[in-house]
């Protein structure tokens, strides 16, 4: 069985030896380089001011202009660099809600608006820049104060835009995708917990929600650990398979195939045709024209005569628990009446190496 939806079980985005990933290193280099560029610009401005005989505070004022323009340019860079969701992306079945794309639409609209307005006003840009330089340079004692001040704006805007744009391209996509994965995981966890509770209602059992949540989380972790690796199917033997519909749906949600058999004879026939990673059986069931209250034990004996390694779990009532020592003596791997425990044990059995 080829496991579908393997993207739901991605691994942690760190290298195996605990070192940060390439994206993290790129972001650190980006911020370090931007900070260094601003620092170099500030120091150079102070030296220029001091070398011209003006006070060093003139260089500080230049630095403030640079930082202010850099902050504005960072925002513009973020707008230009907002990642866009793929139109062909289809969310997993466990995700009920899709992502809100308003930010992408606003970014696209503002980007076009800024570019369009910039092109329209391109002819008047030199005059406007000259006025800005005169305004910012008023009161400065350095030579060519207008050009000196305008250089702060251009330099800061260049560094800020580069930093904002590249950070958005390098990191924002990762954060958005991580949020999507976490939301899908939480959605799947809640859905599985709800399915387990439904199975408990069918079995007239009661489990604390915290136990169900814990078992579901362990099942998800076991499934995630194998990623897209091939998983052996489960053979479920029960003369009334409709009683197990909820748990079968839970296992299918984890991309685990479940094949059904309604009798010991049918189960042994299927076992002879393919390999199973786990066999689940009830204890008593209708076998032909009579009810066999030890059908699970008979199945265990026949399976163990053929295969001593395949796990076999008996899922039944409290009568099965009362006979668990005998069942284990006949080769049962586990005996349980709890839906959450069966989900956890089954997932671990088929995902084990």
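Bear in mind these aren't lab numbers, they're just calculated from the coordinates by the rules spelled out. Not measured: the values here are computed from a predicted model. FYI the Cβ positions are ideal-geometry reconstructions off the backbone, even for glycines, and counts take in every protein chain you see.
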The range 310-353: C-alpha gyration tensor shape, a/c 1.5 cut-off, then a/b vs b/c: oblate
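Could you order the peptides 63-70, 242-249 from most to least packed, using the average number of other C-beta atoms within 10 Å per residue?
63-70, 242-249
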D (Stokes-Einstein, µm²/s), Kirkwood Cα radius, the range 144-253, 0.890 mPa s at 25 °C: 132
Order of 47, 161, 315 under a 10 Å beta carbon neighbour criterion, fewest first: 47, 161, 315
P(r), alpha carbons of the range 182-244 - 5 Å bins starting at zero, rounded %: 4, 15, 19, 21, 21, 15, 5, 0
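Where does each of 281, 144, 263 land when they are ranked from fewest to most other beta-carbon atoms within 10 angstrom? Can you show the working numbers first?
Values: 281 27, 144 13, 263 18.
Lowest count first: 144, 263, 281.
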Kirkwood hydrodynamic radius (C-alpha pairs) into Stokes-Einstein, the range 209-351, 10 °C and 1.306 mPa s, D in µm²/s: 104
Of all DSSP beta bridges in the range 209-351, antiparallel share, percent nearest 5: 20
Cα centroid of the range 63-78 to Cα centroid of the range 179-220, whole Å: 48
Cα centroid of the range 284-300 to Cα centroid of the range 139-164, whole Å: 87
Likely footprinting exposure, 266, 112, 348, fewest C-beta neighbours within 10 Å first: 112, 266, 348
